[in-house]
Every structure is written in structure tokens, then in C-alpha cells.
Amino acid sequence: MVAGWEWDETLFAGTAAHYRRGRLPYAPGLADVLAEALGLDGRGRLLDVGCGPGILALGLAHLFGEVVGVDPDRGMIDEAGREAAKTGVGGKIRWVRARAEELPADLGEFTVATFGQSFHWMDQDLVAATTWDMLRPGGALVHISDLKTETLTVDGLPHPAVPGAAIDELVGHYLGPVRRAGRGVLPRGTPGGEAAVLARAGFSGPRRLVAPGAPPLERTVDDVVAGVFSMSFSAPHLFGARHDAFEADLRRLLREASASGRFSERPPGTEVFVWRRGTSRR
Ligand SMILES: C[S@@+](CC[C@H](N)C(=O)[O-])C[C@H]1O[C@@H](n2cnc3c(N)ncnc32)[C@H](O)[C@@H]1O
């Protein structure tokens with residue numbers, strides 16, 4: 001993956017409980033955009049790799065006959081299962097605790113494989129090649145992430161912005177200046193370059209689609225705290241015995257930034273890259 005960094009199972013440890021509340025939502029039109037681009041009609045099989053608490057798998061399940069969500073984090077898989085039980089689509093979803101590197105794991109053939117902000121955590125060449133083999137001819141590998149190129153100000157909104165720079169500084173004060181990731185560190189962040197990897201694996205494309213972000217949100221201190229603990233680089237376990245002290249400092253910082261304890265936030269758009277699997281590797 002990244003030279004000098006080794007994946008370990010603590011990467012997202014303890015984040016699952018905070019994830020759904022803390023993370024900003026994907027674009028509300030994402031499912032419709034995918035349905036149209038991929039011609040989805042309620043049949044076919046979806047493989048959601050690095051599914052986390054099941055946000056994409058559950059949000060796209062109505063477009064497929066069957067869904068499999070795969071994630072190595074026990075908390076994420078448990079959370080996904082609990083959430084699925086509350087919905088009407090839970091019956092067609094199976095949750096598998098595994099790393100993407102352990103696929104195909106006898107899961108069968110798929111129409112679509114989604115990777116929602118997860119591919120950068122994987123042995124990309126290995127996983128791209130395995131996914132190619134797991135997709136049916138004409139199937140699609142879909143890379144989904146927050147759009148990073150928008151300027152999202154809170155101008156005209158009722159509350160102050162989340163004080164991102166001050167939060168980063170506080171995290172750095174507790175965990176050190178270098179980005180943490182599981183038991184290791186990532187001085188240069190996570191790798192990009194998935195386009196070259198996917199082309200190398202034989203996929204053609206990509207077709208880029210953007211779904212506009214959700215309307216502005218009002219977020220509470222609890223929401224923002226959950227957002228911080230949902231991130232791999234500030235996952236609860238990283239703070240060890242200083243977890244409660246960090247949380248108290250974080251809440252103080254947020255109260256100082258907003259006397260009402262409310263923040264405004266504009267969710268980003270969602271950027272999608274659709275890669276096609278042809279009949280034979282190029
Ligand atoms: C940022 S979260 C994204 C969750 C979900 N896909 C979403 O879009 O809401 C990244 C997820 O990738 C999972 N992950 C990390 N390394 C992985 C690997 N090697 N194989 C499969 N999943 C992995 C993590 O456990 C985590 O749940």
C-alpha cells in the first residue's frame with residue numbers, strides 16, 4: 001500500500017459508533033445518478049467493498065436483487081447489520097467481515113462493485129485484479145468519494161463554520177504532528193492514483209459523474225465530536241487513557257467557537273468514477 005505503513009485491524013477501531021452521525025451525507029441524488037448511468041433495474045448483485053456501517057449498501061439496495069457488504073472492522077459490520085434490520089431492504093443484504101485482499105471469498109459474480117472512500121486503504125493492484133474477476137462482463141467498478149474541489153463556505157447560513165483548523169491542531173497536540181493510521185503513521189496521507197491502478201487491471205473508462213451535495217445542515221457539538229471520532233486519524237483508540245481529556249478539550253473548543261453549540265455546514269457533492277469491465281483484459 002504505502003511504503004513504510006502496514007495495514008492493521010485497529011485502523012477504524014471504535015469509529016463505527018460515531019460514523020453515521022458524524023460524517024456528512026453523500027449527495028441525496030447519488031442513487032438516481034448511479035441507477036441511470038448503470039441502467040440498474042432492481043436486479044443484479046452489488047458488492048460494496050469497505051462498506052463501513054453500510055451507508056452505500058443500504059442506500060443502493062433498492063437498485064439490486066442482492067447486496068454483499070464487506071468490511072474488516074467488526075464494529076462497522078455490526079453497525080451495518082443493526083441498521084439493515086431497521087430497514088425494509090435488510091433481507092437482501094449479507095454482511096461479510098473480511099479485508100478486500102481476502103476476496104473473492106466464494107461470494108460469486110457481481111454486476112457492480114462500489115468502493116466508497118475505501119479503495120485507498122487497500123492493496124490496490126491486488127484488489128483491482130480480484131474485483132475484475134468478480135464482476136460479470138460489462139459490469140462496473142464504481143469509485144465514490146466526497147468532491148474535494150468545491151469551496152464550501154457558510155456565508156449566508158445562520159451558524160459559524162466548524163473550526164476545522166483548530167480541531168486539527170488539538171488532534172495534533174494529543175497525537176503528534178504526523179497523521180496516525182492504525183498502529184502506524186502516514187506522513188504523506190493516503191495514496192491517490194487509483195486511475196492508473198484500475199487501467200492497469202484492465203478496466204476501461206472512467207466516466208466521471210458528480211451528484212450535487214445535500215442542502216446546508218445544522219450540526220450540534222455532539223455531531224461534530226462524532227465526526228472527529230469517525231476519522232481513522234482521530235479514532236477513539238488512538239487517544240488511549242487521554243480519550244476523555246481530549247473529548248473535554250474538543251467540546252470546550254467547540255463551545256468557544258459557537259456559543260449556541262450549533263454549526264452550519266454545507267455537505268460536499270459526491271464524485272463518482274465508473275469503470276467498466278470488458279470481456280477480456282486489455
Ligand atoms: C472511510 S470508511 C468508508 C465507509 C463506507 N464505504 C462509506 O462510504 O460510507 C472506509 C472503510 O474502509 C474499510 N477498510 C479499510 N481497509 C480495508 C481493507 N483493506 N479492505 C476492506 N475494507 C477496508 C474500513 O474498515 C472502513 O469501514
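Could you run the Karplus curve 6.51 cos²θ - 1.76 cosθ + 1.60 with θ = phi - 60° over the stretch 248-261 and give me ³J(HN,Hα) per residue in whole Hz, x for Gly and Pro?
With the stated coefficients, the stretch 248-261 comes to 5, 5, 5, 5, 4, 4, 5, 5, 5, 7, 8, 4, 7, x Hz.
For the stretch 102-111, take each phi angle, set θ = phi - 60°, evaluate the Karplus expression 6.51 cos²θ - 1.76 cosθ + 1.60, and give the result in whole Hz per residue in order, putting x for glycine and proline.
Coupling constants for the stretch 102-111: 8, 5, x, 6, 6, 8, x, 9, 10, 7 Hz.
Report relative contact order for the chain in percent, whole number only (criteria: Cα-Cα under 8 Å, sequence separation at least 6).
28 percent
Treating only the Cβ of Lys, Arg, Asp and Glu as charged (+1, +1, -1, -1), what charge dipole size does the stretch 71-113 show about its Cα centre? Round to the nearest 20 debye. Each step should come with its number before you reach the end.
Numbers: 7 positive and 9 negative charges, 50 e Å.
It comes to approximately 240 debye.
Quick check: the distance between the Cα centres of the stretch 60-82 and the stretch 195-236, to the nearest angstrom?
17 Å
Please state the charge dipole magnitude for the stretch 1-70, taken about the Cα centre, from unit charges on C-beta atoms (+1 on K and R, -1 on D and E), reported in debye and rounded to the nearest 20.
Computed charge dipole of the stretch 1-70: roughly 240 debye.
Mind checking the full-extension length gain between His62 and Arg208? Use 0.36 nm per residue of separation minus the Cα-Cα distance, one decimal, nm.
Values: separation 146, 0.36 × 146 = 52.56 nm, distance 2.26 nm.
Separation in residues times 0.36 nm, less the Cα-Cα distance, equals 50.3 nm.
With unit charges on the beta carbon (Lys/Arg positive, Asp/Glu negative), name the residue among Ala181, Ala196, Cys51 whose Cα is farthest towards the positive pole of the charge dipole of the chain.
After comparing all options, I get Ala196.
Which far-off residues, 5 or more places away or on another chain, put their amide H under 5 Å from the one on Arg94, with H placed in the peptide plane?
Long-range HN contacts for Arg94: Val67, Val68, Gly69.
Enumerate the calculated ³J(HN,Hα) couplings along the stretch 20-26 in order (Karplus 6.51 cos²θ - 1.76 cosθ + 1.60, θ = phi - 60°), each rounded to whole Hz, writing x wherever the residue is Gly or Pro.
The phi angles translate into 4, 6, x, 6, 6, x, 5 Hz.
For a paramagnetic label modelled at 7 Å from the Cα of Glu169 toward its Cβ, which residues of the stretch 248-272 fall within the zone defined by backbone nitrogen distances under 18 Å?
Only 248-259 pass the distance filter.
What is the Cα centroid distance between the stretch 86-114 and the stretch 137-155, reported in whole angstrom?
22 Å
Quick one: which residues, 5 or more positions from Cys51 or on another chain, have an amide H under 5 Å from its amide H? H modelled 1.01 Å from N in the peptide plane, none for Pro or chain starts.
Under 5 Å from the amide H of Cys51: Val70, Asp71.
Between Asp155 and Asp249, what is 0.36 nm times their sequence separation minus the Cα-Cα distance? Round to one decimal in nm.
31.1 nm
None of the figures in this text is laboratory data; all of them are computed from the coordinates on show. Keep in mind that what you see is a predicted model, and the values were worked out from it rather than measured. Positions of Cβ are backbone-derived with ideal geometry, glycine not excepted, and every protein chain shown enters the neighbour counts.
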